[in-house]
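Presented below is the structure to which this report refers.
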Amino acid sequence: MRKDTLFVATMGYLLLPNLIFALGWLKAVWALPFAAVIVACVADVGKRSLTSTPALSAGKWAVLLTLAGFWAVAFGLGGLNAQSQDYLKHNLIFHDITVERWPVVYGELGPDARMLCYYIAYYLPSCLLGKLAGLEHVAAFSFAWGLLGIALAFAWVSRFGRGHGLVVLGVFTLVDSFCWLPGLYPLAQKLGVLAGAANGEWWHTNSFVEHFWSFAGTQTRLLFQSAPAVLVWSPQHAIGAWLATACVLRSLLEASPARHVVLANAAVVLWSPFVGVGLVPFTAWACVRDGRGSASWSNVVGSAALAFPACVYFLGHDPQQFSGVLIATFSGGLDWSRYVLFLILAIGVLWASVWSLRRRLGVPSMALWRLLCLAGLTLTATTFVYLGKYNDWVTRVSLPALFVFALVLSVTAVELWSRGARPAYRVAFAVLLVASAERSLKVYALAPIGKLEGQGIGTTIVTARRYADDLAKLPGTPEFNVASQYLGNPDGFFGRYLMKSPHGPSETR
């Protein structure tokens, strides 16, 4: 047995923003004990995390760090390449957390004041360093922080891939689903095969696809994003989801004690409460399998110290304008048909192919097969409700299950080749995975040259306020106040009893 340094580093990565939040946002009477528990949890992870799994070699680290560096640069982290339109908001959050006093509250305290109420874990370490070194350095800090998170996630995928870890990692970054198929229609129009004209370059079909999978509007859109796509648009959700899921899978795939799985689940809540919800089925399974071993003080006391302030913080969020049960928006048989078709293309085709391989060849292992089934059930369940202007419930709650789904498919594909299965099975499954990767390949090809749909903005972290004076003043529409997605009421329970009083003018640098 050896010290599991990858697990310790990953848990430290997830827990650090929680520690910064406790000390920066909470009253001293809460901050100090919560911070002490977090530090004790880090110490417990460091002391008790052992593994018999071999460490990754220096060569593997070199390869996965190179790939992680490519992702970080090509997909816009730190502003080293063209960024997606969501970075208009990301850069404002980086800017505001850096220059404003903590906790961040917009306006004078009173009925009109609003506090920043968002998934700020990803931003906090870079912004803390920016407060010390200057706003102009935050972009570099955010690049380094994001690169570290991606590298840790890639290391886990490679580790779960065992002897063929780098090949599994390569497949993992591509595998997606078949929900892109409706995009063939506007593509055929643009190529002149079908009548009609579609907007944008010939490769821009995502808008049509997302409209096709919407029912009562964008708030009921069904979308499971590929790993490259979710990093382009939402690194604040993606990195936390990948790392927390890997920490839970460590227990399920490597027979490691479940002593810290609930802690990992609680740690990711500040990163993304949606991800925290989506991870619960896998965490519960790990706890059930380990029985009493999961009833550690880290899981019980530590997770409470993490989850309580984060959950109360998010409960202060302004009311959601869009929420409900998805099927309540269906208007007839056509909507039901599209919904069933989405489930078939997003989950069913690939699940059925693995089921066939499992029945005929015994690949993948029973542990992976059970994980795939749980992931499929979880993905299906995420579609039952919708929440948010662009249905953040589905796109974010699905991330842990999508990580598991892609991992199992990747390991299965590699095992078919390494075990020398019949060429027909190997080739057919490989072709299926490549066909599923349309959106991933598009991101790989277009993002590095800034041609991805929705890519390219005119602000940086330093110049973020060219877009809006601050996050609370984001330009909205008569139908929807965009800023409300990121704000909360400082006069609620969190603001009254947990949050320290905001004071003093904004900092300038």
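The values are calculated or read from the model by the stated rules, or taken from the named source; none is laboratory data. On a predicted model such as this, the values are computed, not experimentally measured, just so you know. A quick note on method: Cβ atoms are made from the backbone with ideal geometry, for glycine too, and the neighbour counts reach across all protein chains shown.
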Can you find a residue in the stretch 470-478 that is more than 22 Å from Gly78 (Cβ to Cβ), acidic (Asp, Glu) and at pLDDT 90 or above? no
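For the stretch 75-99, name all the residues that are of a type in the set (D, E, K, R) and either assigned to a helix (DSSP H, G or I) or crowded, with 21+ Cβ neighbours inside 10 Å (or both).
Kept after step one, since they are of a type in the set (D, E, K, R), are these residues of the stretch 75-99: 86, 89, 96.
Hits for the stretch 75-99 are Lys89, Asp96.
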Every residue from the stretch 1-14 that is crowded, with 22+ Cβ neighbours inside 10 Å and either within 25 Å of Pro502 (Cβ to Cβ) or more than 23 Å from the chain's Cα centre (by Cα) (or both): Asp4
Can you find a residue that is among the basic types (Lys, Arg), more than 24 Å from Asp470 (Cα to Cα) and in contact (Cβ under 8 Å) with a residue 12 or more places away in the chain anywhere in the stretch 42-49? yes
Quick one: in the stretch 356-366, of everything that is among the aliphatic types (A, V, I, L, M) and assigned to a helix (DSSP H, G or I), which residue is surrounded by the most Cβ atoms within 10 Å (Cβ to Cβ)? Leu357
With the structure loaded, tell me whether Ser214 is surrounded by fewer than 20 Cβ atoms within 10 Å (Cβ to Cβ), among the small types (Gly, Ala, Ser), within 23 Å of Leu334 (Cα to Cα) and without any contact (Cβ under 8 Å) to a residue 40 or more places away in the chain or whether it fails that test. yes
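Of everything in the stretch 367-410 that's charged (D, E, K, R) and more than 15 Å from the chain's Cα centre (by Cα), which residue is surrounded by the fewest Cβ atoms within 10 Å (Cβ to Cβ)? Reasoning before the result, please.
The initial filter retains those residues of the stretch 367-410 that are charged (D, E, K, R), namely 370, 389, 392, 396.
So of that shortlist, the ones also more than 15 Å from the chain's Cα centre (by Cα) come out as 370, 389.
Working: Arg370: 14, Lys389: 18.
Per the criteria, the residue is Arg370.
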Report whether or not Leu441 is surrounded by fewer than 17 Cβ atoms within 10 Å (Cβ to Cβ), modelled with pLDDT of 95 or more and over 17 Å from Trp355 (Cα atoms). yes
Regarding the stretch 131-146, can at least one residue be identified that is in contact (Cβ under 8 Å) with a residue 24 or more places away in the chain, within 17 Å of the chain's Cα centre (by Cα) and closer than 23 Å to Leu432 by Cβ? no
Does Leu452 fit the bill of being surrounded by 15 or more Cβ atoms within 10 Å (Cβ to Cβ), in contact with a helix residue (DSSP H, G or I) (Cβ under 6 Å, 6 or more places away or on another chain) and over 22 Å from Pro502 (Cβ atoms)? yes
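Sort through Ser501, Ser484, Ser436 and tell me the only one that's more than 30 Å from Arg101 (Cα to Cα) and of a type in the set (Ser, Thr, Tyr).
On the way: Ser501 fails: more than 30 Å from Arg101 (Cα to Cα); Ser484 fails: more than 30 Å from Arg101 (Cα to Cα).
Going through Ser501, Ser484, Ser436 in turn, just one is more than 30 Å from Arg101 (Cα to Cα) and of a type in the set (Ser, Thr, Tyr): Ser436.
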One residue is enough: does the stretch 448-462 have a residue meeting the conditions of a type in the set (Val, Ile, Thr), under 20 Å from the mean Cα position of the chain (by Cα), part of a helix (DSSP H, G or I) and at negative phi? no
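Scan the stretch 52-63 and tell me whether some residue there is crowded, with 21+ Cβ neighbours inside 10 Å and either touching a strand residue (DSSP E or B) at 6+ places or on another chain (Cβ under 7 Å) or outside any loop (DSSP other than H, G, I, E, B) (or both).
no
Filter the stretch 455-478 for residues that are touching a strand residue (DSSP E or B) at 6+ places or on another chain (Cβ under 9 Å) and under 17 Å from Tyr118 (Cβ atoms); which is surrounded by the fewest Cβ atoms within 10 Å (Cβ to Cβ)?
First, the residues of the stretch 455-478 that are touching a strand residue (DSSP E or B) at 6+ places or on another chain (Cβ under 9 Å): 455-457, 470-473.
Now narrow it down to the ones that are under 17 Å from Tyr118 (Cβ atoms): 470-473.
Details: Asp470: 20, Leu471: 26, Ala472: 21, Lys473: 14.
Result: Lys473.
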Scan the stretch 230-244 and report the pairs whose first residue is over 11 Å from Val268 (Cα atoms) and whose second residue is among the hydroxyl-bearing types (Ser, Thr, Tyr), with Cβ atoms within less than 8 Å and a gap of 6+ or a chain change. Val230/Thr395; Val232/Ser84; Trp233/Ser84; Ser234/Thr395; Pro235/Tyr122
Which numbered condition in (1) over 30 Å from Leu135 (Cβ atoms); (2) assigned to a helix (DSSP H, G or I); (3) in contact (Cβ under 8 Å) with a residue 12 or more places away in the chain; (4) of a type in the set (Gly, Ala, Ser) is the only one that Ala424 fails? (3)
Would you please list the contacts, defined by Cβ atoms under 7 Å and residues six or more apart or on different chains, that run from a residue in the stretch 311-329 that is closer than 23 Å to Leu223 by Cβ to a residue that is surrounded by fewer than 16 Cβ atoms within 10 Å (Cβ to Cβ) and at pLDDT below 95? Gln321/Phe480
Quick check on the stretch 418-426. Is at least one of its residues closer than 18 Å to Thr98 by Cα, modelled with pLDDT of 90 or more and of a type in the set (A, V, I, L, M)? no
Just give me the residues in the stretch 160-184 being in a helix (DSSP H, G or I) and farther than 13 Å from Ser410 by Cβ, in sequence order. Gly163, Leu181, Pro182, Gly183, Leu184
